[in-house]
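Heads up: the structure comes next, in structure tokens.
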Amino acid sequence: MELTPDSLVYFHIGSLAVNATIANTWFIMALLTGGSALITRRLKPDVPPDRWRTTLEVIVQGIESQIREIAHGPTTLIVYFSGTLFLFIVTSNLMTVIPGFHTPTASLSTTTALALAVLVAVPLFGISRVGIVGYLKTYAQPSPIMLPFNIISEFSRGISLAVRLYGNIMSGAVIVAILLSIAPFFFPVLMDMLGLLTGVIQAYIFAILATVYIASASDSDSSIDAAKARTSSAQQD
């Protein structure tokens with residue numbers, strides 16, 4: 001059993017070894033981009049929506065409503081970022097039911113890259129909203145003595161996001177493999193169903209936490225603390 005898709009190399013492009021993580025990441029990106037373009041190709045006011053367009057609109061509106069409950073001010077760019085994170089992660093996790101498919105989120109390199117994207121996005125969103133001086137001041141709150149602790153906290157967020165997602169996906173894969181050797185028919189089906197549910201929940205938690213971090217860097221309103229409190233229980237799962 002391959003513990004990580006990084007070790008499964010499909011082909012080489014020059015000196016670049018294209019492993020299962022890279023290839024399946026490209027596949028999911030193409031699937032999401034191509035599917036969205038195909039569904040919205042007739043996006044006109046005088047064209048009635050079909051079932052696929054309606055489904056896509058429900059998903060987008062659901063993501064927007066969740067983000068509006070957390071963030072204050074303009075949320076369009078946050079929807080683009082957090083929504084993309086959610087759709088990529090949930091699609092990757094749901095495709096684990098396809099035999100032979102190695103989900104990119106089972107690779108620590110993918111989850112680390114997603115966490116780094118959040119770490120970069122947080123200061124960028126914060127600076128764009130309150131300015132570079134206003135954002136840097138947040139690291140010295142409530143007292144300048146907290147500066148090193150706030151910096152460590154910022155990086156620990158990314159580490160926790162990466163390890164959480166990777167650990168949940170890999171633990172599910174290992175448990176299914178063990179049960180498959182014990183009872184090859186009954187238990188794996190149940191574990192796959194549980195794995196799908198866990199994959200959706202983990203994608204939701206990752207996107208929500210990213211939104212909370214961005215909102216906290218962009219708005220000092222006390223309601224952000226309330227948003228953090230609402231997600232604190234999910235963060236412990």
**OP:** With a Förster radius of 25 Å, plug the Cβ-Cβ distance of Phe101 and Thr55 into 1/(1 + (r/R0)^6) and report the FRET value to the nearest 0.05.
**Re:** 0.65
Subject >> Extension gain, Thr40 back to Met146 (0.36 nm per residue minus Cα-Cα distance, nm) >> reply: 33.3 nm
Subject >> Accessible area (Å², 1.4 Å probe, nearest 10) - Val120 >> reply: 80 Å²
Subject >> Largest-first ordering by accessible area, 1.4 Å probe, given options Glu57, Glu69 >> reply: Glu69, Glu57
Original post:
Percent of accessible area on the range 67-113 owned by carbon and sulfur, 1.4 Å probe?
Top reply: 70 percent
Original post:
Hey, what's the range 1-138 come to in accessible area per residue, 1.4 Å probe, Å²?
Top reply: 59 Å²
Original post:
Whose amide H sits under 5 Å from the amide H of Val18, counting only residues 5 or more places off or on another chain, with H placed in the peptide plane?
Top reply: Tyr10, Phe11, His12, Ile13
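The values are calculated or read from the model by the stated rules, or taken from the named source; none is laboratory data. For clarity, every value in this text was computed on a predicted model and none was experimentally measured. When we count neighbours, we look across all protein chains shown, and the Cβ atoms used for this are built from the backbone with ideal geometry, even at glycine. The accessibility values were calculated without ligands, DNA or RNA, using every heavy atom of the protein model including side chains. Shrake-Rupley method; radii C 1.70, N 1.55, O 1.52, S 1.80 Å.
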